[in-house]
Amino acid sequence: MWRDLEPIGRDADTRGYRRYAWTGADADCRAWFKAQADSRGLTYELDRNGNQWAWLGDPLAEGAVITGSHLDSVPDGGAFDGPLGVVSSFAALDELRARGTRFTKPVAITNFGDEEGARFGLACVGSRLASGQLTREAAYELRDGDGVSLPQAMEEAGHDPSTIGPDPERLARIGAFVELHVEQGRALDLSGDRVGIASAIWPHGRWRFDFHGEANHAGTTRLVDRRDPMLTYAETVLAARREAELAGAVATFGKISVEPNAVNAIPSLVRGWLDSRAADQATLDTVVSAIERAAKERAERDGVDLRVVRESFTPVIEFEHALRDEMNKILGGSVPVLGTGAGHDAGILSGAIPTAMLFVRNPTGVSHSPAESAAEDDCVAGVIALADVLEGLACR
Ligand code: HGY
Ligand code: MN
Ligand code: MN
């Protein structure tokens with residue numbers, strides 16, 4: 001399974017993945033998912049929001065236990081973030097069938113669409129739509145870097161966008177969702193454990209900073225006459241690091257766009273996207289408002305106009321204790337429980353259904369990079385743990 005999926009959407013030069021929502025690579029990942037479902041005789045379903053489901057048992061029965069993750073990636077992302085959860089779900093089902101497990105509840109494997117938000121800027125679009133956290137109207141406003149709207153991209157990929165919207169009936173039939181994911185940190189490497197259980201997801205968000213200056217000639221414009229937004233942007237990036245360090249949070253400006261983006265032209269507009277996360281809401285609010293203040297002060301000095309837009313936000317997610325503790329009991333009671341700063345569909349859906357996460361050790365902790373890795377025996381341990389959890393939840 002892994003070998004069939006691995007080459008899809010991988011850039012030959014960077015070895016990173018470019019599996020963006022509703023592109024050719026996404027379509028190839030979706031075709032891979034459907035082939036895995038079909039080859040196992042599972043009932044395949046594409047829901048109104050473009051999420052894929054592979055069912056064992058009656059999709060309309062109550063109390064379904066679902067597992068899975070996402071197949072899309074960040075630009076030049078790694079091979080494991082998302083796909084490890086989907087491949088492990090199919091492998092765990094194979095393991096349970098080999099054990100002769102008799103399920104008393106339906107089980108489904110899912111691929112939630114557009115989890116990374118790499119193309120349209122909003123994370124977890126598939127699960128946000130399903131849970132009503134993203135309305136159809138707001139989804140129709142999403143544009144990619146070329147100005148293509150989400151509905152247009154869906155249409156071009158053959159999915160009818162007029163159907164997108166909340167799916168409460170589907171979610172009401174789900175008893176539990178367990179997402180297996182490669183750890184995006186080194187806690188398990190440091191503790192020497194192969195598998196961990198998630199306790200919570202930090203509150204986190206994305207803010208777009210628009211710095212409007214004045215285009216001019218790089219060679220003939222005196223420094224005193226400039227309204228250079230690049231300076232304001234640079235000061236804001238340094239302020240973000242200062243404020244995050246002070247608060248024990250994280251803040252990243254990882255994406256920038258410059259107009260006209262010419263070597264010999266002072267920019268008219270610099271757009272920078274801030275990703276900031278903290279262990280609690282108050283800290284996150286403090287960090288982001290301090291960064292905005294620093295940006296505003298510098299903008300005044302530079303004669304630059306600043307506009308800040310919050311593009312995506314996820315409040316703190318505390319995974320349901322009963323499910324988390326039941327999973328730990330099924331796995332022997334001594335599995336480490338750890339928080340994470342990374343967002344996930346299991347986090348988005350936790351308001352609508354009981355959700356939980358299993359983490360698999362990442363020896364370097366590196367993620368959102370072609371260098372992301374996980375050892376095969378740790379991945380197998382993850383599959384067995386997921387199989388045990390599914391057996392415990394779907395056969396009681
Ligand atoms: O950004 C995140 O935390 C996740 O990878 N979408
Ligand atoms: Mn990710
Ligand atoms: Mn992920």
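The values are calculated or read from the model by the stated rules, or taken from the named source; none is laboratory data. Quick caveat: nothing in here was measured; it's all calculated off a predicted structure. Please note: Cβ atoms are built from the backbone with ideal geometry, for glycine as well, and neighbour counts cover all protein chains shown. Each accessible area value is taken on the protein alone, full model and side chains, heavy atoms only, with ligands, DNA and RNA left out. Shrake-Rupley method; radii C 1.70, N 1.55, O 1.52, S 1.80 Å.
Some values worked out for this structure:
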read-out: Surface share of carbon and sulfur [accessible, 1.4 angstrom probe, percent] for region 205-314; value: 51 percent
read-out: Tilt relative to the chain, helix 281-302 - C-alpha long axis, 0 to 90 degrees, to 10; value: 20 degrees
read-out: Lys/Arg +1, Asp/Glu -1 at C-beta; the chain dipole; positive extreme among L386, M327, L142; value: M327
read-out: Global form of region 205-314, assessed from the alpha-carbon gyration tensor, a/c cut-off 1.5; value: prolate
read-out: Kirkwood Rh, angstrom, the chain [1 / mean 1/r, Cα pairs]; value: 22.1 Å
read-out: Solvent-accessible area per residue for the chain (1.4 angstrom probe, square angstrom); value: 42 Å²
read-out: Ordering of 215-225, 199-209 by burial proxy (mean other Cβ atoms within 10 Å per residue, highest first); value: 199-209, 215-225
read-out: Backbone HN-Hα couplings from phi across region 224-237 [Karplus 6.51/-1.76/1.60, Hz, Gly and Pro as x]; value: 5, 8, 8, 10, 8, x, 5, 5, 5, 4, 4, 5, 5, 5
read-out: Relative contact order (%) - criterion: Cα under 8 Å, at least six apart; region: region 205-314; value: 45 percent
read-out: Protection-proxy order for peptides 65-71, 378-384, each taking the mean of Cβ atoms within 10 Å per residue, highest first; value: 65-71, 378-384
read-out: Helix 83-99 axis, angle to the chain major axis (alpha carbon atoms, nearest 10°); value: 0 degrees
read-out: Mean Cα-pair separation over length for the chain, i.e. relative contact order, pairs under 8 Å, 6 or more apart, %; value: 23 percent
read-out: Selected from L269, T232, L246, residue furthest toward positive end of dipole (region 205-314; charges at beta carbon); value: L269
read-out: The chain: calculated mean residue ellipticity at 222 nm from DSSP helix runs of at least 4, using -39500 (n - 2.57); value: -10500 deg cm²/dmol
read-out: Pairwise centroid distance, computed over Cα atoms, of region 114-147 with region 164-192, Å; value: 19 Å
read-out: Fraction in percent of alpha-carbon pairs per bin - 5 Å, region 239-300; value: 4, 18, 22, 21, 16, 10, 6, 3, 1
read-out: Cβ-derived FRET efficiency at R0 30 Å, R307 paired with T43, nearest 0.05; value: 0.05
read-out: Distance histogram in 5 Å bins (all Cα pairs of region 101-177, percent per bin); value: 3, 14, 23, 25, 13, 9, 6, 4, 2, 1
read-out: Karplus (6.51, -1.76, 1.60) ³J(HN,Hα), θ = phi - 60°, over region 303-320, in Hz, Gly and Pro reported as x; value: x, 10, 8, 10, 9, 10, 10, 7, 9, 7, 8, 10, x, 4, 10, 9, 5, 4
read-out: Inter-centroid distance (Cα atoms) of region 208-234 relative to region 305-325, Å; value: 34 Å
read-out: Cα shape, region 292-396, gyration tensor, a/c 1.5 rule; value: prolate
read-out: Length-normalised contact order for region 127-225 - Cα pairs under 8 Å, 6+ apart - percent; value: 21 percent
read-out: Loop-located trypsin sites (Lys or Arg not before Pro) in region 1-95, at most 16 other Cβ atoms within 10 Å (DSSP); value: R15, R40
